[in-house]
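Structure first, then comments.
The values are calculated or read from the model by the stated rules, or taken from the named source; none is laboratory data. Just so it is clear, the model here is predicted, and its values are computed rather than measured. Don't worry about glycine lacking a Cβ; one is built from the backbone with ideal geometry, like all the others, and counts go over all protein chains shown. With ligands, DNA and RNA removed, areas are computed over all heavy atoms of the protein, side chains included. Shrake-Rupley method; radii C 1.70, N 1.55, O 1.52, S 1.80 Å.
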Amino acid sequence: MKKIFVFVLVLLWISGPAFAKNFEVEKKTGEYTVHVSMDKNPPVAGKNTIEIDITDTAGVRVTDAQVVVEYAMPAMPGMPAASYKEKAELKGNNFRGQINFSMPGSWTVSVKITRAGKTQTVKFNVDVS
């Protein structure tokens with residue numbers, strides 16, 4: 001019995017990080033590769049920290065851009081659409097911000113990167129629990 005208990009503890013210790021992994025998505029837009037992660041997987045209704053890493057075609061991190069995160073949920077019967085916008089601030093080499101999903105469900109997230117007068121956008125969907 002003691003061996004089974006130790007085996008289960010070791011298994012939980014090894015697999016624990018897999019369950020705690022952040023939500024992550026990587027997309028390309030124009031001249032950028034955008035890697036987005038959130039501190040919860042799946043994201044939850046309420047506050048979620050978002051981190052955005054942007055690199056150019058040469059693999060150099062982009063730190064001189066304006067980054068805005070827009071997130072929306074379409075209207076449903078008896079409920080209006082929800083739409084929010086948050087500015088991400090540069091922290092080190094990445095952009096960070098907080099997004100506050102008002103309810104569980106399917107959300108569309110757009111990361112808008114403005115640099116040298118040009119705006120590029122990446123979009124992805126998240127299922128918020």
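Brief remarks follow.
- The range 86-129 - Kirkwood radius from inverse mean 1/r over Cα pairs (Å): 12.2
- Most to least accessible of Asp39, Asp56, Asp64 (protein chains only, probe 1.4 Å): Asp64, Asp39, Asp56
- Restraint check, Lys27/Lys123; Lys28/Lys112; Lys28/Lys91, Cα-Cα greater than 20 Å: Lys28/Lys91
- For the pair Lys40 and Gln66, a Förster radius of 22 Å applied to the C-beta separation gives a FRET efficiency near 0.30, rounded to the nearest 0.05.
- Fully extended contour minus Cα-Cα distance, from Leu90 to Ala75, at 0.36 nm per residue: 2.2 nm
- Size descriptors for the range 55-129, from the alpha-carbon set: Rg then Dmax equal 14.4, 48 Å.
- Here the Karplus curve 6.51 cos²θ - 1.76 cosθ + 1.60, taken at θ = phi - 60°, turns the phi angles of the range 75-89 into couplings of 5, 10, x, x, 9, x, 5, 10, 8, 9, 9, 9, 8, 9, 9 Hz, with x standing for Gly and Pro.
- In the frame of its principal axes, the range 17-104 has Cα extents of 48, 31, 21 Å, reported largest first.
- Annotation: per residue accessible area for the range 27-94 equals 56 Å², rounded to a whole number [probe 1.4 Å, protein chains only].
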